[in-house]
1. Before anything else, pin down the relative contact order of the chain: Cα pairs under 8 Å, at least 6 apart, normalised by residue count, whole percent.
2. In the chain, with Lys and Arg counted as +1 and Asp and Glu as -1 at Cβ, which of these residues, S283, L545, F245, has the Cα nearest the positive end of the dipole, that is, farthest along it?
3. Treating the angle as unsigned and between 0 and 90°, give the value, to the nearest 10°, between the Cα long axis of helix 20-35 and the longest Cα principal axis of the chain.
4. Taking 0.36 nm per intervening residue step and subtracting the Cα-Cα distance, what contour gain separates S229 from E9 on full extension?
5. May I ask you to give the percent of accessible area on the chain that is carbon plus sulfur, with a probe radius of 1.4 Å?
6. With each pseudo-label sitting 7 Å past Cα toward Cβ, what's the T593-D402 distance in nm, one decimal?
7. Select from A506, P13, M610 the residue farthest towards the positive end of the dipole of the chain; place +1 on Cβ of Lys and Arg, -1 on Cβ of Asp and Glu, and compute about the Cα centre.
8. What full-extension length gain, to one decimal in nm, is calculated for D377 and A330 as 0.36 nm per residue of separation minus the Cα-Cα distance?
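The values are calculated or read from the model by the stated rules, or taken from the named source; none is laboratory data. Model, not experiment: these values are computed from the prediction. Neighbour counts are summed over all protein chains in view; Cβ atoms, including those assigned to glycine, are modelled from backbone coordinates with ideal geometry. When the accessible area is computed, the model is the full protein with side chains, heavy atoms only, and any ligands, DNA or RNA have been set aside. Shrake-Rupley method; radii C 1.70, N 1.55, O 1.52, S 1.80 Å.
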Amino acid sequence: MHGRIAILEIDNPPVNAGSHAVRTGIAEGIARATENRAEGAVLLGAGRCFVAGADLREFGQKLAPPDLPQVIALIEAAPFPVVAALHGVALGGGLELALGCDYRLADPAVELGLPEISLGIIPGAGGTQRLPRLIGGARAIEVICGGARISGAEALELGLVDVRADGPLLEAALAFLAETPRPKRRTLDLPPPGEVPGTLDAAEQRALRRGKGRPNVTEAIRLIRAAISGDAGTSAALADERAVFQRLRVGADAKALRYLFFAERRAGRVEGLDMGLARRIDSVAVIGGGTMGQGIARAFLAAGLSVTLVEQDAAALERALGGIAASLDAQVRKGRLGADARAERAALLTGTIEYDALAGCDLAIEAVFEDMKLKQDLLARLEAALPAGAIIATNTSYLDIDTMAAHLDDPGRVIGLHFFSPADIMPLLELVRAARTSDTALATGLKLARRLGKQPVVAGVAEGFIGNRIYAAYRHRAELLVLDGAAPEAVDRAIEDFGFAMGPLAVSDLSGLDIAWARRKRLAQEREQAGQAAAPRDPLVADLLCEAGRLGRKTGKGWYDYSGAEKGGRPAPRPDPDVAALIDRAREEAGITKQEFDPRSIQRQLLAAMVNEAACVMADGIAQRASDVDVTLANGYGFPRWRGGPLYWASGQDRGALLADLDALAQAMGPGHRTGPVDAILNDFQTRKEG
Ligand code: 3HC
Ligand code: NAI
């Protein structure tokens, strides 16, 4: 008690998740404040934030009472006003708790949000009912279904927060209560604000498009609409929300998404690594300003790092700097970046063709052409130009980093930082720990990933590391399905129906068929040099397309024809009779009998290829843990998040059927195929999951 005001502080590090103990504590606090005849109460969080939501670790079981709606009901029924004093974040159940209080006061840097949709559920403690009453239905749909975070300034403007607290939060809250009598005020009693006709429908359409048919999105919209119409009555609507939440919480989507939530946090950790070794990074060099170099530079600039871009000649440098400037301008035009922020980023960027300019850099990353000799020479040059101890990184997609670094005085400085295109947008960053990569380089890479807001995954050296290696096996299977009789569009559709945004052949067209072509040629050469006879079956058609100049979208034709009408600003892929004829010819020449494939067997074969290669990756020790494979595929390759990732998915399948798919895969791939220890990996995975 502070005079007649009760202070309830939630202290459950690290993020004050609303565990059973927290819920009980608040309920008891309200009861004690009532006994003590409090005239008001302040509810606040200790440490770094208010409350980051319900404790997700409890979600696999029955939730013990009091549940959050009961706690909120106690706050609403308390005979005194309760002020939520917010700082850091108030997310999910944390924001719902605050919405159940009579007043909200916030630190200006606070961020509010309801991220439940991204966890396969809906807000389960009144979020769909209280938020629309404060900010309107359309905005509530955006916040709930789009997972948008609301800044302190916006929350104040929207009326979600009543007062901005400058200075110490508790003092501000006490002053707020002392200033004038603060009557009880239930959010649920407020009428929803009026809205421009049509905005609710438009928001709903956008949310449904983004929501890709997931059931929680449709449910959330239905409940927000119920809050706006008020037809069902408040308590029925709240009960409806809770019932939907409880059902979804134990459903397949939510389980997979919770698994990924914790897997993603684990992926950034390396057992036994001293993170204290991480070097401070303020200034970085990016060598090569092509597609990747420009994207990587933009990612660094967005994180406030100073960037020196190095190109091979003045013309290439001008092109690269021009490309970055144009991309920043486009972001301003689209409203994603403010003019001031654009100017700040531009001021952090310099370009050069002289390596002397690298003398002050803490880290350099190369993104030049994918060529071993070129990269080896470049790394030696970087070692000479950089200050002692600076980290040298490579963005190579496939090349052996041990070989690349072998000739350096200190190969321990070298690490792979494998970004994905576009590097400033894609969340994944594979950190490749080569045989001699030092702990300092690895710790620095992990810390840098966090600063860039990327999802790190640590990989070992292997052709394609974790992601590209598995993806290449999947693409190979797709191409063989085509050779054996499935139409390209049938292959793509089968995996799109599983939840991928695009099938593997459409993706090849997008990134250019020549990249994989060059890789196939290199691998064939390497195999020949090594005297290795058996290789998996050659998919043939992809090579023929390349030889015919069909390199994908950039040439207007690839697996598909792109000369037709646009869809979403891009030419839509159209099945091409020329490709069908080319496939038939290839099949005949190779003496292959055309087979029929139903959509399900196509889908199962594509997944089997991923699962098999994932098991090989695990067996080779390229990934630290099975869940890292899932994190990689979900964050960098479009594996549908609500399915958890290939190994999580596989662990939920009938084992016999899966093993039969793997047999069929081995048959189709031919003699050079390597069968991974899927059964053993999944048994181990299952044990860990259940443990
Ligand atoms: N439950 C349990 N643990 C949680 C948690 C939660 N809701 N949120 C975070 N944690 C844990 C993390 O697992 C991590 O633990 P670790 O150190 O052992 O790995 C630790 O807290 C720190 O988390 P981060 O590494 O993510 O820290 P960041 O600073 O990067 O991010 C954050 C902090 C923004 C709060 C982020 O953790 C986050 O987004 N948390 C989840 C928020 C959320 O989804 N809340 C909604 C939950 S569902 C709900 O509330 C239902 C309701 O409607 C009834
Ligand atoms: P790119 O061809 O678009 O760009 C390469 C750039 O490097 C060119 O601008 C070129 O002028 C420059 N360059 C070449 N030699 C140089 C030198 N000696 N000094 C300075 N600059 C030099 O290639 P892209 O696509 O950006 O790929 C770069 C690297 O990133 C490759 O290793 C590639 O495998 C890898 N990568 C590519 C991805 C992609 O989606 N394109 C994804 C992830 C990695």
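1. Numbers: 1245 pairs, mean separation 62.9, N = 691.
Relative contact order comes out at 9 percent.
2. Result: F245.
3. Helix 20-35 and the main axis of the chain meet at about 10 degrees.
4. Extra length from S229 to E9 when fully extended: 75.6 nm.
5. Details: 15410 of 29510 Å².
Accessible surface attributable to carbon and sulfur in the chain totals 52 percent.
6. With each label point 7 Å from Cα toward Cβ, the separation is 4.5 nm.
7. It is P13.
8. On the way: separation 47, 0.36 × 47 = 16.92 nm, distance 3.54 nm.
Taking D377 through A330 to full extension adds about 13.4 nm, to one decimal.
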